[in-house]
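The values are calculated or read from the model by the stated rules, or taken from the named source; none is laboratory data. The shown structure was predicted, so the numbers you read here are calculated from the model rather than taken from an experiment. When we count neighbours, we look across all protein chains shown, and the Cβ atoms used for this are built from the backbone with ideal geometry, even at glycine. Accessible surface areas use protein heavy atoms only, side chains included; no ligands, DNA or RNA. Shrake-Rupley method; radii C 1.70, N 1.55, O 1.52, S 1.80 Å.
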Amino acid sequence: SFIAAESFNYKKFFEMVGLKKKSPEDVKKVFHILDKDQSGFIEEEELKFVLKGFTPEGRDLSDKETKALLAAGDKDGDGKIGAD
């Protein structure tokens with residue numbers, strides 16, 4: 001399960017939440033839930049709580065997991081994930 005400590009696999013997570021099958025509108029909705037400060041970007045601090053956005057019993061990601069997930073989504077290397 002992806003909830004166990006230090007076993008978070010973002011690829012499995014994306015499959016599980018079905019992000020690949022979602023429309024651009026759905027992806028934007030999820031993005032706005034995670035973008036707590038509405039800055040237009042998901043920063044590392046917000047990413048840490050990504051599992052809670054999908055399930056109330058979700059745990060916080062470890063720093064290592066957060067950095068791996070950030071790297072997966074941060075296409076331009078600016079340390080945050082934009083809506084695109």
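Within the bounds of region 66-76, is there any residue that is in contact with a Lys or Arg (Cβ under 7 Å, 6 or more places away or on another chain), assigned to a helix (DSSP H, G or I), crowded, with 16+ Cβ neighbours inside 10 Å and at negative phi?
Looking through region 66-76, at least one residue is in contact with a Lys or Arg (Cβ under 7 Å, 6 or more places away or on another chain), assigned to a helix (DSSP H, G or I), crowded, with 16+ Cβ neighbours inside 10 Å and at negative phi.
Can we say Glu45 is assigned to a helix (DSSP H, G or I) and open to solvent by 40 Å² or more (accessible area, probe 1.4 Å)?
When the stated conditions are applied, Glu45 passes them.
If I go through region 48-65 residue by residue, how many of them are in a loop (DSSP other than H, G, I, E, B), touching a residue at least 40 places away in the same chain (Cβ under 8 Å), open to solvent by 20 Å² or more (accessible area, probe 1.4 Å) and not polar (S, T, N, Q)?
Of the residues in that region, 2 qualify.
Scan (1) over 11 Å from the mean Cα position of the chain (by Cα); (2) assigned to a helix (DSSP H, G or I) for the single condition Asp84 breaks and write down its number.
The failed condition is (2).
Scan region 15-38 for residues that are closer than 19 Å to Lys67 by Cβ and surrounded by fewer than 16 Cβ atoms within 10 Å (Cβ to Cβ) and jot them down.
Selection gives Lys36 alone.
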